[in-house]
1. So Gly170 ticks every box in (1) within 24 Å of the chain's Cα centre (by Cα); (2) on the phi < 0 side of the Ramachandran plot but one. Which box is left unticked?
2. On the given criteria, is Ser3 under 17 Å from the mean Cα position of the chain (by Cα) and farther than 24 Å from Asp249 by Cα?
3. Among Phe209, Phe194, Phe203, which is modelled with pLDDT under 85 and out of contact with any helix residue (DSSP H, G or I) (no Cβ under 9 Å at 6 or more places or on another chain)?
4. Could you list, in sequence order, all residues of the stretch 174-200 that are open to solvent by 80 Å² or more (accessible area, probe 1.4 Å) and assigned to a helix (DSSP H, G or I)?
5. When you look at Asn20, is it in contact with a Lys or Arg (Cβ under 7 Å, 6 or more places away or on another chain), among the polar types (S, T, N, Q) and crowded, with 16+ Cβ neighbours inside 10 Å, yes or no?
Amino acid sequence: MDSYGKTIARLRKENGLTQNELGAQLNVTYQAVSKWENDLSQPDFDTIIAMCKIFKISVDDFTRLSMGEEVQTETAAAEVVAPAEAEAVEPEAPAAETVESAEQTAEVESPVETEVKRRRKCSISAGYLIGLICAVLAGVAVFTVLYIFTWWPIALAAGYIVMSFIALMGHESVVWDVLLGGLTKSVNIPGVIFTLDLDGIFFLIVYKFIIAPIATVFIWLFFALGAIIVSILMSGFIFPFKIPRIIKDTFFKK
């Protein structure tokens, strides 16, 4: 089975890019890159082509890497120091076919592609702005409701935490990692030993189609609710340190 996740993570690190930087170049979110590298989802073919251009490798080399084969990437090759040549050899003039091939391979971005990328970036920035507005409105709403029924410091703290949690969604932060980890937690129910008689087979059917699915749902809910609670509580502490990132992603994203 192809391992796109490990291949993307390896090439990204070899090129000195963070998940957020790679996502910005591909016009996707940091979370999308994280899902690719953890094999929770796979990029489409157009995105793979765009990544190969960024990593300066061919799609064929990317496929071979994902299948476990070793290829010499341009970035890795640049890190290897070539041994000194024993004799000075006069460099040969490049062949006409090589020059022509290089000209044909050169990628020239069309006006349509430029416009599509611009619209995607504007769409992402608009999404961040809408999320920030929703965060402020939700925080004010929670504060207003709790202020009527409880002590004002409790209402203020709850409103601030809700606003922080919503504002951090979509931005690179540990809050998103915790939440995503809990919601995508895989649950494996162990098998059972049964006897090959009527009672044993009946127990196996009940366990496989009733007990195991119900237990899987409850265990997943436990991890999901735990991740939601922990990420919400963490938001209040992390939000002040992420304000520059939120402002940059929302108003100054290139």
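1. Among (1) within 24 Å of the chain's Cα centre (by Cα); (2) on the phi < 0 side of the Ramachandran plot, the lone unmet condition for Gly170 is (2).
2. Yes, satisfied.
3. Just one listed residue meets the conditions, Phe203.
4. Within the stretch 174-200, Leu198, Asp199 meet the criteria.
5. no
The values are calculated or read from the model by the stated rules, or taken from the named source; none is laboratory data. Since the structure is predicted, the reported quantities are computational estimates derived from the model, not experimental observations. Neighbour counts run over all protein chains shown; Cβ positions are idealised from the backbone, glycine included. Surface areas here come from the heavy atoms of the whole protein model, side chains and all, with no ligands, DNA or RNA. Shrake-Rupley method; radii C 1.70, N 1.55, O 1.52, S 1.80 Å.
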